[in-house]
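Nothing in this text is a laboratory measurement; each read-out follows from the coordinates by a stated rule. These numbers come from a predicted model, not from an experiment. No Cβ is skipped: glycine too gets one built from the backbone with ideal geometry, and neighbour counts run over all protein chains shown.
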Amino acid sequence: MKLFAVRKIDELGRLVLPTQLRKQLGLKANTSLDIWLDGEEQVVLRKSAPYCIICGELNGLSEIAGTGRFICAGCKNSIQEMND
């Protein structure tokens, strides 16, 4: 992992991403970002993408009845096994 820039959070909790980073990642105004906590102190920002609402998995997803929420195959199988 490489340090890109150091920024301070303002009094309202906002953080400005550097222009070069936004351009490199194709982040424009109103782009949604997912904010993840990885471990104790590492915050990960990622362009929003569908994920399993149970475990956070990004692959093998199925939408739940048109809700815009998703579940992965592993969690779906676990739920089905509990109901059998």
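Per-residue Cβ neighbour counts within 10 Å put Leu37, Leu58 in the sequence Leu37, Leu58, beginning with the fewest. Taking amide H as placed 1.01 Å from N in the peptide plane, the amide H of Arg69 sits under 5 Å from that of Ile64, each at least 5 places away or on another chain. Calculated from the structure at hand, percent of Cα pairs over 22 Å apart is found among (1) 39; (2) 17; (3) 44 as (3). Each peptide among 50-56, 30-36, 16-22 gets the average number of other Cβ atoms lying within 10 Å of its residues, and from highest to lowest they stand as 50-56, 16-22, 30-36. Secondary-structure-derived ellipticity at 222 nm for the chain, considering helices only, amounts to -6000 deg cm²/dmol, per-run term -39500 (n - 2.57) for DSSP H runs with n ≥ 4. Roughly how tilted is helix 73-83, in degrees to the nearest 10 and between 0 and 90, from the longest Cα axis of the chain? Approximately 40 degrees, to the nearest ten.
Distance from the alpha carbon centroid of the range 37-52 to that of the range 53-79 works out to 17 angstrom. The lysines within cross-link reach of Lys23, meaning a Cα-to-Cα straight distance under 22 Å and a gap of 8 or more places when in the same chain, are Lys2, Lys8, Lys47.
For the range 3-59, GluC sites (Glu not before Pro) meeting the loop criterion (DSSP other than H, G, I, E, B) and having at most 10 other Cβ atoms within 10 Å: Glu11, Glu40, Glu41.
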